[in-house]
Amino acid sequence: MNQPLVKIEHISSGYFSETVLKDASLNIYPNDFIGIIGPNGGGKTTLVKTILGIQPLFTGKITFPLGRPAMGYLPQISQIDKSFPITVRELVGSGLGAKRKWFPHLLKSQKTQVEKLLGEAGLLPLASRPIGELSGGQIQKAFLCRAIINNPSLLILDEPNTFVDKSFEKELYRWLEELNRKMAILLVSHDIGTISPMVKTIACVNVNLHYHPSNQITEDILKVYNCPVDLIAHGSVPHRVLKEHDHE
Amino acid sequence: MSEFFSIFEYAFFRNAIASALLTSVLAAMVGTYIVSRKIVFISGGITHASFGGIGMAYFLGLNPFLGAAIFAVFSATGIEWISKKGNVREDSAIAILWSLGMAVGIIFVFMTPGYTPDLMTFLFGNILSVTMAELILLAAFCLLTALFFWIFYRPLLHTAFDPEFSQIMGIPVAFFRYAMAVIIALSIVISIRAVGIILVLSLFTIPQITAMLFTRDFRKIIPLAAFWAALGSVMGIFLSYFLNIPAGATIICYLTLQFLLVKLFVISKDALKRQGPGKVHKG
């Protein structure tokens, strides 16, 4: 009954011969909403890419007790070439697999699916535009649509709140809350203050992984986890996380 | 005017025009991929590396284009392999390949006994001497490439744009990347016939950037680039014929001039557009 979607056991991974992530273990359950935090270069992205199978596994193993789930992925937008001539419609459609191997165009039903999601996201007026003409928030939205169009059971988001304004951030979080009813979410962020009210649990990744089974975390705990994240990076609301923690 | 039409009576001229149009279509498709993926420099490396094959083929008494094709395909797949491994500085590897290919070519041409009459053709192209057999080969390759682009449009675009995501989607990324490396290499070698090694790359870039002044939609860039390339190469052939100057170089000069004029047109149109509503607003 309580089988995890993904079972990560003592994995290490990295680039070429350099190990970035060491002896990390984590179970992801179907309705989890895990915030993955940690310093830059600490291995957050490496962890999610290893789960996605696009980064080699050096040691340990990753298993899927419920069968390999469909995964949706939103990469770091800074890694994307925004001048590439691809339209919003094509981008979102690229999240759908081809039904015919030797003629991999989208079926009519799949095209309708793309239009429907574009409509729900409010991107329809921009559908024929190249991604380079969109604002930061609109780009994130388009990439999120690409990630979820396949109805994944595991959604992985790498820094979805960079380059976006506050109003979009709110919309994004509302969206994620709704999606979380249907799928497990892994949300990578260096900005723990913003994500902590939304996530259910936290994984601190800095070479090693420490799982924190709550969305409340303090500087002391982060110190114990050897996970230096700046909690005061939020301008007018310093120690916001600490405050919220004290409330409860 | 009668002189203008009378040149069409010559088979060599009709062949040249047909070759220019087909090369334009081929370069439009492959060039759009090259420019979108920002691998113009890689393509330059492939082009120049192919000269090594030309020199070696001369020395061995084989068809120089065969030698060029083999060298181009090996260097293209080699660069793709290096960039996938990622732990070698790709730009340095390309620079080495670029000059090594030329060096090998020069040495073998030097060692080949006697005079090498067509050498200038490879360096600068000679579109006015294209034969019927070459034209058929070009047409066949153009058709195959168009079919490949049409059928596999989505995976081609997706693997070029975001290979990691394509891998997650289960697309055979390596297959499409290598297939495109081979197509790029062969397209370049086939187009060398028209404008030569030194100039060929501009046929794969200038019409594309001209088209991209109007659209940033991959699907629309291809036909628009084909139009600009065709217009440019046909105009280039006419100019070269009537002014009695080399065709390849004339085509490239014309393409560049065309790009600048179009760019100027787009800039001034945008400026007028910005000025227009502004005036109304103030008034």
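Worth a mention:
- Cβ-Cβ FRET estimate between A:Glu133 and A:Ala70, R0 fixed at 41 Å, reported to 0.05: 0.85
- Tensor-based shape of region B:30-70 (alpha-carbon gyration tensor, a/c under 1.5 rounded, otherwise prolate or oblate): prolate
- Within chain B, the selection of entire DSSP H helices by a Cα span of 15 Å or greater along the long axis and an average Kyte-Doolittle value of at least 1.0 returns B:11-37, B:40-60, B:90-111, B:132-151, B:173-195, B:218-243.
- Overall, the ratio between the Cα radius of gyration of the protein assembly as shown and 2.2 N^0.38 Å, rounded to two decimals, is 1.17.
- Rg/Rh for chain B stands at 1.02; both radii use Cα atoms, and Rh follows the Kirkwood definition.
- Amide H to amide H distances under 5 Å link A:Ile156 with A:Gly72, A:Tyr73, A:Leu74, A:Leu186, where only residues 5 or more positions off or on other chains count and H is placed in the peptide plane.
- Calculated FRET efficiency, B:Thr256 to A:Asn2, Cβ-Cβ distance, R0 = 51 Å: about 0.15 to the nearest 0.05.
- Tensor-based shape of region A:37-164 (alpha-carbon gyration tensor, a/c under 1.5 rounded, otherwise prolate or oblate): oblate
- Ranked packing of A:205-215, B:260-270, most packed first, by mean Cβ within 10 Å: A:205-215, B:260-270
- Computed on the Cα atoms alone, the convex hull of region B:143-215 gives a volume of 114 cubic angstrom per residue.
- Alpha-carbon centroids, region B:202-220 and region B:168-198: separation in whole Å: 18
- Overall, the anisotropy analysis places region B:1-96 in the oblate class: the square-rooted eigenvalues a ≥ b ≥ c of its C-alpha gyration tensor yield a/c not less than 1.5, with a/b not exceeding b/c.
- Restricting the calculation to alpha carbons of region A:170-226 gives Rg and Dmax of 12.1, 34 angstrom.
- Applying 1/(1 + (r/R0)^6) with R0 = 41 Å to the Cβ-Cβ distance of A:Trp102 and B:Lys84 gives a FRET efficiency near 0.95.
- The label-point distance for A:Glu9 and A:Glu178, in a model that sets each label 7 Å from Cα toward Cβ, rounds to 3.9 nm.
- Of the chymotrypsin sites (Phe, Trp or Tyr not before Pro) found in region B:69-143, the ones in coil according to DSSP and having at most 13 other Cβ atoms within 10 Å of their Cβ are B:Tyr115.
- Estimated Rh, region A:88-150: Kirkwood, alpha-carbon pairs, angstrom: 11.8
- Sparse-neighbour loop sites [trypsin sites (Lys or Arg not before Pro); region B:1-91; at most 13 other C-beta within 10 Å; DSSP]: B:Lys38, B:Arg89
Every number in this text was worked out from the coordinates using simple rules, so none of it is lab data. Nothing here was measured: the structure is a model prediction, and the numbers come from that model. Here the Cβ is made from the backbone with ideal geometry for all residues, glycine too, and neighbour counts use every protein chain on show.
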